1. Check whether at least one residue in segment 43-63 is of a type outside the set (Asp, Glu), closer than 25 Å to Met1 by Cβ, touching a helix residue (DSSP H, G or I) at 6+ places or on another chain (Cβ under 7 Å) and in a loop (DSSP other than H, G, I, E, B), and report yes or no.
2. Please report, ordered by residue number, the strands (runs of 3 or more DSSP E) entirely within segment 74-160 with at least 2 residues that are open to solvent by 40 Å² or more (accessible area, probe 1.4 Å) and touching a residue at least 12 places away in the same chain (Cβ under 8 Å).
3. Taking the condition of being open to solvent by 60 Å² or more (accessible area, probe 1.4 Å) and of a type outside the set (S, T, N, Q), how many residues in segment 22-53 meet it?
4. If you go through segment 1-21 one residue at a time, do you hit one that is assigned to a helix (DSSP H, G or I), open to solvent by 40 Å² or more (accessible area, probe 1.4 Å) and in contact with a Lys or Arg (Cβ under 7 Å, 6 or more places away or on another chain)?
5. Residues Glu135, Glu122, Glu95: which one is more than 19 Å from Asp62 (Cβ to Cβ) and either at pLDDT below 95 or more than 17 Å from the chain's Cα centre (by Cα) (or both)?
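The values are calculated or read from the model by the stated rules, or taken from the named source; none is laboratory data. The structure presented is a predicted model; accordingly, all values stated were derived computationally and were not measured. So basically every Cβ, Gly included, is an ideal-geometry build from the backbone, and we count neighbours across all protein chains shown. Surface areas here come from the heavy atoms of the whole protein model, side chains and all, with no ligands, DNA or RNA. Shrake-Rupley method; radii C 1.70, N 1.55, O 1.52, S 1.80 Å.
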Amino acid sequence: MLRKCSPPDVEEIYGIEKLSFKPDDIYSVELLKFLCSFCSDHSYVYVSNGDVVGYIITCIEDNAAHVISIAVHPEHRQRGVGAALLCTALKLLTEGQVSEVFLEVRVTNEPALRLYKSAGFEVKERLPAYYSDGEDGYRLVLRDKRKAQEFCSKEPHHQL
């Protein structure tokens with residue numbers, strides 16, 4: 001089940017961060033609290049059996065939705081959780097609230113790249129040494145409302 005992120009979720013989000021990202025890429029609890037409250041209208045957690053098993057933090061920047069962070073607990077991957085979370089950001093595009101959705105991802109993060117490309121994201125630019133360990137990143141962008149709608153209509157419906 002999807003629901004909006006709230007301050008009590010931050011400890012579980014932080015736990016997922018530690019399991020999902022390299023140590024230097026993990027956001028601090030303080031930063032997660034700030035992002036969860038500052039971007040609260042568009043940030044969600046996915047709850048299964050009372051536990052937060054995934055999250056997305058999306059902030060609106062001008063006329064764009066920026067997916068700041070998205071991750072799923074390793075034990076819950078490949079079950080549609082990431083896609084359901086991603087669709088919360090894509091909904092901003094399909095409903096006309098923004099003209100594009102963008103995010104950054106490591107060039108070597110194949111599972112994430114497959115998900116994003118299946119949703120219609122395209123590489124806008126390569127970001128040299130974007131990550132703290134020197135790895136490059138990609139900035140991916142989705143502007144095509146039809147692709148976003150098609151992707152989210154294929155996913156199981158998770159009520160907000």
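1. Yes, segment 43-63 contains a residue that is of a type outside the set (Asp, Glu), closer than 25 Å to Met1 by Cβ, touching a helix residue (DSSP H, G or I) at 6+ places or on another chain (Cβ under 7 Å) and in a loop (DSSP other than H, G, I, E, B).
2. Numbers: elements: 100-106, 122-127, 137-142.
Result: 122-127, 137-142.
3. Within segment 22-53, the subset open to solvent by 60 Å² or more (accessible area, probe 1.4 Å) is 22-24, 27, 30-31, 33-34, 37-38, 41, 49-51.
Filter once more, keeping what is of a type outside the set (S, T, N, Q): 22-24, 27, 30-31, 33-34, 38, 41, 50-51.
Adding up the residues that qualify gives 12.
4. yes
5. Working: Glu122 fails: either at pLDDT below 95 or more than 17 Å from the chain's Cα centre (by Cα) (or both); Glu95 fails: more than 19 Å from Asp62 (Cβ to Cβ).
It is Glu135.
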